[in-house]
Amino acid sequence: MKKLITLLIISLLFSCKNTAQNTDIKVAKENIKTAKPLEIPLENGMSKAYFASGCFWCVEAIYESVKGVEESISGYAGGHTKNPTYDASNTGRTGHAEAVEIIYNPKIVSFETLIDVYFASQNPTQVNGQGLDRGSQYRSIIFYQNDAQKKIIETKKAALAKKLNTTIAAEIYPFQKFWIGEDYHQNYEKLHPENRYIQGVSIPRLKRFQAKMPEVLKKSH
């Protein structure tokens, strides 16, 4: 009887601990969505924007094909843990999604156009993933840095929902922090064109986007 009581107490303690942890994570997630956005100032005339849309290898290559974009960096954003890694984010427990930091010249390409690129380069109706890449770490998120950007995002998302007559999966978050990904993820499509995933998924996705918006591409594409 004593053993049974002991087991019940241990079970209750673990249950309470897990419940508390789940509650903390839920609160953290809500705080992320309602936080005041952090605005990144211009640096050498360049602006920064942040997007999540499935595999960051794909998204990085897509934005780097757009004129006015100087660089695209793979990393993580939207979660509740510090210093996320690829392995940790893939568990889905960090809350982070694979994301990209876009460094662009606002005199050449506008934030509005970057949003158009975002929606044109994915399946905007797929929840928690793109294609066979599935899980919260592959979900679609658009990050805004101020009210003007938020309005642009909401307007374009609503227009697309009306056009397609369906729900658009992209979440809208205030920008808080971008964690740069591991070195081996950077410029992955460009450096590993022989990779099966790159050949079978990333390059076809890039070509589909380029066919939709040829007017925004750099001359070399």
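Restricting the search to the stretch 88-102, which residues are of a type outside the set (S, T, N, Q) and surrounded by 19 or more Cβ atoms within 10 Å (Cβ to Cβ)? Gly95, His96, Ala97, Glu98, Ala99, Val100, Glu101, Ile102 - these are the residues of the stretch 88-102 that are of a type outside the set (S, T, N, Q) and surrounded by 19 or more Cβ atoms within 10 Å (Cβ to Cβ).
Just give me the residues in the stretch 41-62 being buried (at least 17 other Cβ atoms within 10 Å of the Cβ), over 17 Å from Tyr144 (Cα atoms) and not charged (D, E, K, R), in sequence order. Hits for the stretch 41-62 are Gly54, Cys55, Phe56, Trp57, Cys58, Val59, Ala61, Ile62.
Lys36 falls short on exactly one of the conditions (1) more than 14 Å from Phe178 (Cα to Cα); (2) surrounded by 23 or more Cβ atoms within 10 Å (Cβ to Cβ), and that condition is (2).
Selection within the stretch 1-33: residues that are under 24 Å from Thr94 (Cβ atoms) and among the polar types (S, T, N, Q). The member of this set that is modelled with the lowest pLDDT is Gln21. If only residues of the stretch 199-221 that are surrounded by 13 or more Cβ atoms within 10 Å (Cβ to Cβ) and polar (S, T, N, Q) are counted, the one that is nearest to Ala61 (Cα to Cα) is Ser202. Would you mind stating whether Lys162 is touching a residue at least 12 places away in the same chain (Cβ under 8 Å), closer than 21 Å to Ser121 by Cα, part of a helix (DSSP H, G or I) and of a type in the set (Lys, Arg)? Here the answer is no, as Lys162 does not meet what is asked.
With respect to Ile152, is the statement that it is more than 24 Å from His185 (Cβ to Cβ), modelled with pLDDT of 95 or more and aliphatic (A, V, I, L, M) true? Yes; evaluated as a whole, the condition is true for this residue.
Within the stretch 124-156, being of a type in the set (Lys, Arg) and either surrounded by fewer than 18 Cβ atoms within 10 Å (Cβ to Cβ) or part of a strand (DSSP E or B) (or both) holds for Arg134, Lys150, Lys151.
Name the pairs whose Cβ atoms lie under 6 Å apart, with the first residue in the stretch 205-221 and within 11 Å of Ala120 (Cα to Cα), the second surrounded by fewer than 16 Cβ atoms within 10 Å (Cβ to Cβ) and at pLDDT below 95, and 6 or more positions between them or separate chains? Correct list of pairs: empty, since none qualify. For the stretch 173-198, a residue qualifies if it is surrounded by 15 or more Cβ atoms within 10 Å (Cβ to Cβ) and among the hydrophobic types (A, V, I, L, M, F, W, C), and the qualifying residues are Phe175, Phe178, Trp179, Ile198.
The values are calculated or read from the model by the stated rules, or taken from the named source; none is laboratory data. Because the structure is a prediction, the values reported are computed rather than measured. Note: ideal-geometry Cβ built from the backbone for every residue, glycine included; neighbour counts use all protein chains shown.
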